[in-house]
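Single-structure report; data block below.
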Amino acid sequence: MRALLVTAALAAALALGGCADDAGSDSDDPLAGHPELLQVSDLPPVDSVEVSEQTNVSKTNCAAMDAEWNLAASKDFVYAWYELEGDSDTTVRSAVQGPAATSDAIDDTFTRLESMIAECVAGGASTGTFERLEGLPDGAVGFVATQDTSNGTQTTERAYVKLDDQRAAVVTVVHTGDGEAPVSVTELLPKAVERASDA
């Protein structure tokens, strides 16, 4: 009888231990609790993921785009940064942001982005190239910028899609070095919009 009780207690302890491990694996997932962002399964193989609620946009080769930081400086902002596996240096960012701190609606963000992108396309880039990103859905805005670095050519693609009056989905792909990135913004955008809309 005693052996039976010990066996039962051991089984219970192992079961609880398994539950704890499962809970731990969930809590170790930086995307847990963020279904509005792209998930690892939406991307090529990922080496690491970070999630932050701090304002962050990657700098480009055009000074007019520096104001992007102000547009993203809202109380409703969260983004994930994914380092992709492989020999290439490629990062992807998935973000959902609210209106700029000085605005009541996301429309102002798009109006200002259109102006900034137009200035850069018209010759505002200090080095490299700056062009509108083609193949975006109606109402979306985006760009592709290239510039030389010590590690090779860096290509930055970014697009914004309005989700509703208060939110926009933002996807960025930054690739440095030879060849092309293993994934593009236009490929990721439909899933990013779906994730953000369903959350």
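Where a number appears in this text, it was derived from the coordinates with a stated rule and is not lab data. Note that the coordinates shown come from a computational prediction; the quantities given were computed from them, not determined experimentally. Every residue, glycine as well, gets a Cβ built from its backbone with ideal geometry; the counts of neighbours run over all protein chains shown.
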Let me check the size of segment 73-153 from its C-alpha atoms; what are the radius of gyration and Dmax in Å?
15.2, 43
Per-q log10 I(q)/I(0), segment 55-199, q = 0.19, 0.20, 0.21, 0.22 Å⁻¹ (Debye; single scatterer per alpha-carbon; no solvent)
-1.17, -1.29, -1.41, -1.52
When N is the residue count of segment 149-197, what does its C-alpha Rg come to as a fraction of 2.2 N^0.38 Å?
1.36
Before anything else, pin down the relative contact order of segment 137-193: Cα pairs under 8 Å, at least 6 apart, normalised by residue count, whole percent.
29
Under Karplus coefficients 6.51, -1.76 and 1.60, residue-wise ³J(HN,Hα) of segment 130-142 in Hz, glycine/proline x
8, 9, 5, 7, 8, x, 8, x, 4, x, 7, 10, x
I want the local charge near D76. Using Cβ-Cβ distances under 13 Å, sum +1 for each Lys or Arg and -1 for each Asp or Glu among the other residues.
-3
About its Cα centre, how strong a charge dipole does segment 154-199 have in debye, to the nearest 20, once Lys and Arg get +1 and Asp and Glu get -1 at the Cβ?
140
Which percent of Cα-Cα pairs in segment 107-191 sits in each 10 Å bin, short to long?
17, 47, 30, 6, 0
